[in-house]
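The values are calculated or read from the model by the stated rules, or taken from the named source; none is laboratory data. Please read these numbers as outputs of a predicted model, since none were measured by experiment. Virtual Cβ from ideal backbone geometry, glycine too; neighbours counted across all protein chains shown. For accessibility, only protein heavy atoms count, side chains too; no ligands or nucleic acids. Shrake-Rupley method; radii C 1.70, N 1.55, O 1.52, S 1.80 Å.
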Amino acid sequence: MKAPHLLVLATGGTIAGIAGSPTRHDYRPGQIGIEDWLEQVRGFGLAAELSGKQIANIGSEDMGVPIWAALHGEIEKAMADPAIDGIVITHGTDTAEETAFLLDLTLPPKKPVVLVGAMRPADAVGSDGMRNFVNAVRVASDPDAAGRGVLLVMGDRILAARDARKVRTRGTDDAFRGFPRGSVGIVTPAALEWFGNPWREGEGARYAFPDALPDVPILYVGAGMPATSVARICGSDTKGVVIAGAGEGNMPEAVRQTLKERAGSGLVVVRASRVDEGLVDREPEDASNQFVAARALNPQKARILLQVLIANGESDLDHIQAAFDNP
Ligand code: SIN
């Protein structure tokens with residue numbers, strides 16, 4: 001059987017990072033170019049043909065619309081190209097969940113698209129990058145990975161873009177988790193197992209990829225925070241805000257009242273939680289406050305969804321709530 005042909009889109013991050021010593025803590029992300037990386041991988045004799053394209057070589061905190069647009073464009077081309085069976089994206093772990101979710105919302109789940117990163121630079125003792133990458137290649141080579149939306153592979157786990165979240169700043173074990181679903185599969189260089197069937201088979205892209213994304217600030221709630229905090233981050237032209245609320249999306253009463261007033265004049269207010277596994281359901285007052293509940297999305301992913309919705313011209317609060325409800 002012909003080996004699958006995968007396109008590897010490289011964007012930098014720790015997976016392409018170098019410390020200069022196997023034991024040094026500080027390092028520079030985005031140092032290894034994709035051709036040098038693939039040269040090493042070819043020595044492993046994987047059952048996949050790999051071609052690479054360098055999209056960027058940055059720390060992922062600098063991700064933004066220009067690189068997302070370039071990735072989206074390359075993936076659309078690859079999806080239309082019968083010679084390409086799947087796409088792997090190497091990415092910094094800090095914002096991998098945001099890129100994965102944005103692509104998940106704006107691409108059809110037609111061919112496997114798999115993000116992968118590393119917690120340790122390539123020259124560190126116990127570096128995880130190459131193993132994670134080989135795992136990602138295995139996942140993207142499997143036709144059964146299609147129909148599951150964009151996936152993220154870290155530490156032998158396969159996570160769906162909507163669920164994936166970075167939960168540790170250090171260490172390779174459990175650095176990423178899925179919420180509310182855990183892993184949708186497990187993978188090693190020698191084995192791959194899916195938990196359940198593809199859940200998005202036959203779907204198209206949910207939203208058009210926008211030319212620009214509106215600024216949507218995240219208001220991180222602290223006990224007793226004053227109402228003036230809202231005006232500090234929401235200008236008169238701000239179209240949406242995500243509240244990283246206490247517990248189930250709660251906020252001090254003065255903040256709530258101010259946001260209610262702003263919601264009455266068109267600001268879309270989404271209540272998420274500052275708690276890591278914080279499910280925020282609708283509460284009865286959301287209707288009169290004109291607030292939206294983020295459900296299982298953490299604040300940074302709620303922000304991406306709200307940006308995409310606003311950029312797609314959506315302003316109906318029922319439709320916006322339905323987008324947050326839709327798994
Ligand atoms: C980054 O996100 O670019 C740096 C951190 C990492 O990749 O783990």
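In this structure, does PRO29 turn out to be more than 12 Å from the ligand (Cβ to nearest atom) and farther than 16 Å from VAL150 by Cα? Spelling it out, it is not the case that PRO29 is more than 12 Å from the ligand (Cβ to nearest atom) and farther than 16 Å from VAL150 by Cα. Counting residues in the range 77-89 that are farther than 20 Å from GLU203 by Cα, under 23 Å from the mean Cα position of the chain (by Cα) and of a type outside the set (A, V, I, L, M) gives zero. With respect to PHE179, determine if the residue is open to solvent by less than 40 Å² (accessible area, probe 1.4 Å), of a type in the set (Phe, Trp, Tyr) and under 25 Å from GLY33 (Cα atoms). Taking the combined requirement at face value, the residue does not satisfy it.
The number of residues in the range 244-253 that are under 27 Å from the mean Cα position of the chain (by Cα) and surrounded by fewer than 16 Cβ atoms within 10 Å (Cβ to Cβ) comes to 2. Of the residues that sit in the range 25-34 and are in a loop (DSSP other than H, G, I, E, B) and in contact (Cβ under 8 Å) with a residue 12 or more places away in the chain, which one is surrounded by the fewest Cβ atoms within 10 Å (Cβ to Cβ)? Once the filter is applied, the top-ranked residue is GLY33. Say we look at the range 118-132 and pick out the residues that are more than 20 Å from the chain's Cα centre (by Cα) and under 15 Å from ASN57 (Cα atoms); which of these is surrounded by the most Cβ atoms within 10 Å (Cβ to Cβ)? Among those that are more than 20 Å from the chain's Cα centre (by Cα) and under 15 Å from ASN57 (Cα atoms), it is PRO121.
Residue-wise test of (1) surrounded by 15 or more Cβ atoms within 10 Å (Cβ to Cβ); (2) in a loop (DSSP other than H, G, I, E, B); (3) of a type outside the set (Ser, Thr, Tyr).
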site: PRO210; (1), (2), (3): yes, yes, yes
site: LEU213; (1), (2), (3): yes, yes, yes
site: LEU219; (1), (2), (3): yes, no, yes
site: GLY222; (1), (2), (3): no, yes, yes
site: VAL230; (1), (2), (3): yes, no, yes
site: GLY235; (1), (2), (3): no, yes, yes
site: VAL242; (1), (2), (3): yes, no, yes
site: VAL255; (1), (2), (3): yes, no, yes
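Does the range 154-174 include one or more residues that are open to solvent by 70 Å² or more (accessible area, probe 1.4 Å), in contact with a Pro (Cβ under 9 Å, 6 or more places away or on another chain) and within 16 Å of ASN326 (Cα to Cα)? Scanning the range 154-174, I find no residue that is open to solvent by 70 Å² or more (accessible area, probe 1.4 Å), in contact with a Pro (Cβ under 9 Å, 6 or more places away or on another chain) and within 16 Å of ASN326 (Cα to Cα), so the answer is no.
Can you pull out every residue in the range 68-79 that is within 16 Å of the ligand (Cβ to nearest atom) and farther than 15 Å from ILE304 by Cα? Passing the criteria: only LEU71.
The rows are residues; the columns are (1) part of a loop (DSSP other than H, G, I, E, B); (2) open to solvent by less than 50 Å² (accessible area, probe 1.4 Å).
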| residue | (1), (2) |
| --- | --- |
| LYS260 | no, no |
| GLU283 | yes, yes |
| ALA302 | no, yes |
| LEU306 | no, yes |
| ILE310 | no, yes |
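Okay, residues lined up against (1) assigned by TED's automatic domain parsing to the domain that holds PRO108; (2) assigned to a loop (DSSP other than H, G, I, E, B); (3) open to solvent by 80 Å² or more (accessible area, probe 1.4 Å):
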residue: ASP36; (1), (2), (3): yes, no, yes
residue: VAL41; (1), (2), (3): yes, no, no
residue: GLY45; (1), (2), (3): yes, yes, no
residue: GLY52; (1), (2), (3): yes, no, no
residue: ILE55; (1), (2), (3): yes, no, no
residue: GLU61; (1), (2), (3): yes, no, yes
residue: TRP68; (1), (2), (3): yes, no, no
residue: LYS77; (1), (2), (3): yes, no, yes
